[in-house]
Amino acid sequence: MFIINNKHMKAIISLAIFLMATLTAWADSAKDRWTVYQSYSNITEIEPAGNVCFVLASNSVYSYDTTDGLVQTYDKAGVMSDVGVSHIAWAKASKRLVVVYTNSNIDLLSANGDVINAPDFYLKTTTLDKTINHIDFDGPYAYLSTAFGVLKLNTRDGAIMDTYDLGTNVSYTYVKNGYLYAESKERGRLRCKLTDNLLDKSNWVREDGFTTLREDRTNVQDAQTKLWWTKTADGKLTFYALDADGKRTYMTEGVQPEGPVSNNFYRLYAHNGKIYAVGGMWSQETDGKQPGEVHVWDGTTWSHFEQPTAEQLGHNNEDYLCMDFDPLKEGHVMVGAKSGLYEFQDGKFVKCYNSNNSPLESATADKSKNYVMATGVKYDPTGNLWVLNSQTTNPLKMLGKDGEWSVMNNIGLTKDNAWDVKELFLSPTYGYLWFVNSYWEETKLFAYDYKNNKLYDAGGPTFTNEDYTTLKPYYLFHVTEDKNKNIWLSTSAGPLYMTPNDVANGGGLVTQHKVPRNDGTNLADYLLSNVETRCIAVDGGNRKWIATSSGVFLISDDCNTQIEHFTTDNSPLPSNTVYYVLADPNSNMVYFATEKGLCSYQSDATTPSEKMTKDNVYAYPNPVTPDYTGYITVVGLSYNADVKIVTSNGTLVNQGRSTGGSYRWNGCDLKGKRVASGIYMVEAATEDGGKGTVCKIAVIN
């Protein structure tokens, strides 16, 4: 929502108003295409606001209306300005919830859902630690305890009134008897008269001792609203009310929005209409330590796989890195992790393979089972499971469909050239298992012919592009294949690909796609050169969704046009560090796994149909009502279909080509004027020349 305050011009010419309204409508429409999937599993703070209670859970905010039981969530795809909430507190004087983010951004949220963003502190350039520890109030003013002192905020308009640099980490503040008190573990209790100059450090008096704030904000009774709440055994909320005699009356229990068990997302998978995700992110630099989690999204509800305990396993259950689905047995799933290979059936834990019960090796000298690293897993079509066992003597193993293990110890793959192997990808065209060694001293791309047990060195640590320029990326992240049979490689030096000829001729040669400048010269620039590219997903239109450390790029089929560049500044993307992107083959949804959680975007491309018929091609919305002003989408088309929309008497009103299996029409004719009421025919021709009417669209004005 856009808010005009007194800093804006009061007099705006009518043309500017029109342009702003147009841009706002466009922005709202674009924002509607986003969904943010927040976790609400760990409740840490609750703030009553009349009949509404605001809840902070897993760094996300939701509310519960005690009068009608309505649960409302708030996220960046809706009204919120940011992600990762650290504290909330209700300002009674201004009737707004102060929302503090982990990055020190601040929102002021009203009970009816409108937001004032107060970003001045977040945007301020300073060497001071801007962490906000606590929120307290004196009338309309909020005192924010920070790592260096106290911040005074006007909760009516979001203005920063004063900044009191006390040179100490303030745990919390409070106002009492005309004094502002600041409690610091380092320096004890500090106080200053509200009528004195609080900016002057000499006016602050130090008292001995520090009193720990005894504040339980999850099991509370609010005297003003007569409302009680407690946590249930499974971590959800139970709400109560007090009757006229002061007795506690049951109201509702288990109040919690739908969401994943955590915001840890690293790799994404689509299988049988569901989206799966693993939440680990181990690296030598961070050592991971994310709990072993598999998230499952069926489009309506979230669930997660059973999590075996360390006591059950005899070692840690951390950092799930990859997974795959048994082609011979539905519900049978293997998950690769930092601490072994985990077997599940229908979401229930079955077994963990480690150095005790399999050829999988530990990566440490002391043979710790906490570091039996299964960094890549992939089933072949016959049901054999291939496993990358990183940082070991023989990094490639196979668990046969008969339950027997094999070690590929005669293919020239050792810890010397495959120290940090990961990202197994089975090419549908070439039949090879592709994977990377991402160790910075010896980055390598491998292709393994698993049918003939032959390993090919496909390139690295240096690659040669089409201009015979040498490239040496320090990290390789991901391998995939597009619809033109090119093998794409995500690297720290940008996206590279091998053409079918490159694959046939052996490794080392890559294409670093050149994008013409179209400025009257013959100059061109390499596509996303030196942009750290972590993952590439190919959608139904053969467009490339590229996950980077600078947001997400959408590149056209021919790679010459940047269609989108989503960042935290222009979209609800939770973070610019995007680990993975998945273009759902069963819909037009594109999912992004970021360092701060999961989100999705409704794109305009779907997987094309092999054959267009009146049974599988349809348009929505249909009929098109007078109040609808968005795009009309036709789905079920073949790849790159030639589409024409004509009136009942054959007059052409719109034409173009499908994006994958979809085509979008804005409801206007060739002159840009909205078409009249009537029945419109959608005619499509395949690339091989087959033509016909595939569906009809009714327009009502």
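With 0.36 nm allotted per residue and the present C-alpha distance subtracted, the ALA676-TYR628 stretch has 15.9 nm of extension available.
Paramagnetic label reach from ASP449 (point 7 Å along Cα→Cβ; backbone nitrogen cut-off under 11 Å): within the range 416-437, residues 432.
Cross-link list LYS415/LYS472; LYS338/LYS397; LYS397/LYS454; LYS289/LYS444; LYS444/LYS485: which exceed 23 angstrom alpha carbon to alpha carbon? Over 23 Å Cα-Cα: LYS289/LYS444.
Restricting attention to the range 353-437, which GluC sites (Glu not before Pro) occupy a DSSP loop and are surrounded by at most 12 other Cβ atoms within 10 Å? Here the sparse-neighbourhood loop sites are GLU404.
Bridgeable lysines around LYS644 (alpha carbons under 20 Å apart, same-chain partners fewer than 8 residues away excluded): LYS611, LYS614, LYS671, LYS673, LYS691, LYS696. Straight-distance candidates among the aspartates and glutamates for linking to LYS544, with alpha-carbon spacing under 19 Å and chain neighbours fewer than 8 residues away dropped: GLU423, GLU481, ASP482, ASP525, GLU532, ASP557, ASP558, GLU564, ASP584, ASP604. Treating r as the C-beta distance of THR309 and THR211 and R0 as 41 Å, the FRET efficiency rounds to 0.65. In the range 28-88, one over the average inverse separation of all distinct C-alpha pairs is 12.3 Å, which is the Kirkwood hydrodynamic radius.
Kirkwood Rh over Cα pairs of the range 614-686 into Stokes-Einstein at 20 °C, 1.002 mPa s: D in µm²/s?
Details: Rh = 12.5 Å.
Translational D for this selection: 172 µm²/s.
For the range 25-184, pairs of C-alpha atoms spaced more than 25 angstrom apart make up 31 percent of the total.
Annotation: extensible slack from LYS236 through GLU595 equals 126.7 nm (criterion: 0.36 nm per residue apart, minus Cα-Cα distance).
Against the main long axis of the alpha-carbon atoms of the chain, helix 14-31 sits at an angle near 70°. Restricting the trypsin sites (Lys or Arg not before Pro) of the range 389-468 to loop positions (DSSP other than H, G, I, E, B) with no more than 14 neighbouring Cβ atoms within 10 Å leaves LYS451. Which of rounded, prolate or oblate describes the range 576-648 when judged by the alpha-carbon gyration tensor and an a/c cut-off of 1.5? In terms of gyration-tensor shape, oblate.
Charged neighbours of THR393, selected by a Cβ distance under 14 Å, balance to +1 (K, R count +1; D, E count -1). Translational diffusion coefficient of the chain (Stokes-Einstein, Kirkwood radius from Cα pairs, 20 °C, 1.002 mPa s): 74 µm²/s. On the beta carbon distance between ASP114 and GLU442, with R0 = 41 Å, the FRET formula returns roughly 0.15. Looking at the range 603-696, the trypsin sites (Lys or Arg not before Pro) that sit in a DSSP loop and have at most 13 other Cβ atoms within 10 Å of their own Cβ are LYS611, LYS614, LYS671, LYS673. Per residue, the chain exposes an accessible area of 46 Å² to a 1.4 Å probe, with every protein chain left in place. Between LYS92 and THR414, full extension at 0.36 nm per residue minus the direct alpha carbon distance yields a gain of 109.4 nm. Expressed in nm², what is the orientationally averaged projection area of the convex hull enclosing the Cα positions of the range 463-541? Quarter of the Cα hull surface area: 5.8 nm². Contact order for the chain, expressed relative to its length and based on alpha carbon pairs under 8 Å spaced 6+ residues apart, stands at 6 percent. Computed from the C-beta positions of GLN345 and ASP525, the FRET efficiency with R₀ = 45 Å rounds to 0.35. Classification of the range 141-213 by its C-alpha gyration tensor yields a prolate form. The axis ratio a/c (a ≥ b ≥ c) is 1.5 or more, and a/b outweighs b/c.
The values are calculated or read from the model by the stated rules, or taken from the named source; none is laboratory data. Computed from a prediction, not measured in an experiment: that's the story for all the values here. No Cβ is skipped: glycine too gets one built from the backbone with ideal geometry, and neighbour counts run over all protein chains shown. All accessible areas refer to the heavy atoms of the entire protein, side chains included, with ligands and DNA or RNA removed. Shrake-Rupley method; radii C 1.70, N 1.55, O 1.52, S 1.80 Å.
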